[in-house]
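Report on one structure; see the data block that follows.
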Amino acid sequence: MGRLVHFEIHVDDMERAKGFYGEVFGWSFQDWSDFAGMPYFGAVTGDDSELGINGALMQRQSAPPIPGQAMNGFACTMGVENYDVTEEKILANGGTVALPKYALPGMAWQGYYIDTEGNVIGIHQPDENAK
């Protein structure tokens, strides 16, 4: 079985992206550029005792996604404690709405946003009362 163990978010402006993900989700970063041979920052997304994985921000090697194009890769979805507070942080830090908040009835609140680098990201707040 191939379990997902790492993710990479391609970015144009490393400092801007680190600022966005650090402010919105509380991630911290470790410079792994020497290992990768390019700007590459490991993203610590939470405590090792919590469910989830760590990943990285890496320097984009081609053109960014075109606004409005269909998804042609993976979308990372972050679990959050408070959907509305997280959405406020996303918007305050330069993100925009891609697909507004909607209910997964009896399970959670879900929505999608465009980060400062043009990537689609999701946020997910478990809530059995969502409808």
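The values are calculated or read from the model by the stated rules, or taken from the named source; none is laboratory data. Not measured: the values here are computed from a predicted model. Note: ideal-geometry Cβ built from the backbone for every residue, glycine included; neighbour counts use all protein chains shown.
Does residue 25 count as among the aromatic types (Phe, Trp, Tyr), more than 19 Å from residue 61 (Cβ to Cβ) and modelled with pLDDT of 95 or more?
Here the answer is yes, as residue 25 does meet what is asked.
Out of 29, 35, which single residue is surrounded by 10 or more Cβ atoms within 10 Å (Cβ to Cβ), outside any loop (DSSP other than H, G, I, E, B) and of a type in the set (A, V, I, L, M, F, W, C)?
29
With respect to residue 69, is the statement that it is touching a Pro at 6+ places or on another chain (Cβ under 7 Å) and over 22 Å from residue 127 (Cβ atoms) true?
Spelling it out, it is not the case that residue 69 is touching a Pro at 6+ places or on another chain (Cβ under 7 Å) and over 22 Å from residue 127 (Cβ atoms).
Looking at segment 58-65, can you tell me whether even one residue there is hydrophobic (A, V, I, L, M, F, W, C) and buried (at least 17 other Cβ atoms within 10 Å of the Cβ)?
Checked against the condition, which is being hydrophobic (A, V, I, L, M, F, W, C) and buried (at least 17 other Cβ atoms within 10 Å of the Cβ), segment 58-65 yields at least one hit.
Tell me which residues, restricted to segment 1-26, are of a type in the set (Lys, Arg) and either in a loop (DSSP other than H, G, I, E, B) or over 20 Å from residue 118 (Cα atoms) (or both).
3
Among 81, 88, 128, which is within 17 Å of residue 51 (Cβ to Cβ), among the charged types (D, E, K, R), modelled with pLDDT of 95 or more and surrounded by fewer than 18 Cβ atoms within 10 Å (Cβ to Cβ)?
Just one listed residue meets the conditions, 81.
Being closer than 20 Å to residue 10 by Cβ, surrounded by 10 or more Cβ atoms within 10 Å (Cβ to Cβ) and not small (Gly, Ala, Ser), is that true of even one residue in segment 93-106?
yes
Taking residue 77 and the conditions (1) over 30 Å from residue 34 (Cα atoms); (2) assigned to a strand (DSSP E or B), which numbered condition does it fall short on, given that it satisfies the others?
Here residue 77 clears every test but (1).
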